[in-house]
Amino acid sequence: RKVFELSKGGNVAGCVVTNGRMLKGRMRLLRDSNVLFEGFSQSLRRFQDEVNEVRSGMECGIRLDGFNDIREGDVIESYTVEKVAQKL
């Protein structure tokens, strides 16, 4: 929705979770269907509180670790990597 600049340096993306849920951890930033960033979140906040999860329809602030070129209209995806044991 909007990008906020912090006085300490860096940017925070003001977001709305459109579907699913946003989890703290691995994230991917898409701009025009191109992946610009793939890494970890530095913080996930709901109002002033640091949270681990934000559900669909709610607003949150996301700060990406080592990436500050966030613009309005970018899409941020949260994902998890699961290890599945191989079966014969």
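The values are calculated or read from the model by the stated rules, or taken from the named source; none is laboratory data. Fair warning: this is a prediction, and the values are worked out from it, not measured in the lab. Glycine also receives a Cβ, built like all others from the backbone with ideal geometry; neighbour counts cover every protein chain displayed. Ligands, DNA and RNA are stripped out before the accessible areas are found, and what is left, the full protein with its side chains, is counted by its heavy atoms. Shrake-Rupley method; radii C 1.70, N 1.55, O 1.52, S 1.80 Å.
What number of residues within region 66-88 satisfy the criterion of being in a strand (DSSP E or B) and open to solvent by less than 70 Å² (accessible area, probe 1.4 Å)?
3
Mind listing just one residue for me: the one in region 11-35 that is open to solvent by less than 90 Å² (accessible area, probe 1.4 Å) and among the basic types (Lys, Arg) and, of those, nearest to residue 77 (Cα to Cα)?
The extreme case among them is 28.
Write out, first by first residue and then by second, each pair whose Cβ atoms fall under 7 Å of each other, whose residues are 6+ apart or on separate chains, and whose first residue, in region 10-26, is of a type in the set (S, T, N, Q) while the second is open to solvent by 90 Å² or more (accessible area, probe 1.4 Å).
Once the first residue is of a type in the set (S, T, N, Q) and sits in region 10-26, its partners that are open to solvent by 90 Å² or more (accessible area, probe 1.4 Å) give 11/4; 11/5.
In region 36-65, how many residues are surrounded by 11 or more Cβ atoms within 10 Å (Cβ to Cβ) and in a strand (DSSP E or B)?
20
Please go through region 1-10 and give me each residue that is at pLDDT 85 or above and either open to solvent by less than 30 Å² (accessible area, probe 1.4 Å) or hydrophobic (A, V, I, L, M, F, W, C) (or both), ordered by number.
Within region 1-10, 3, 4 meet the criteria.
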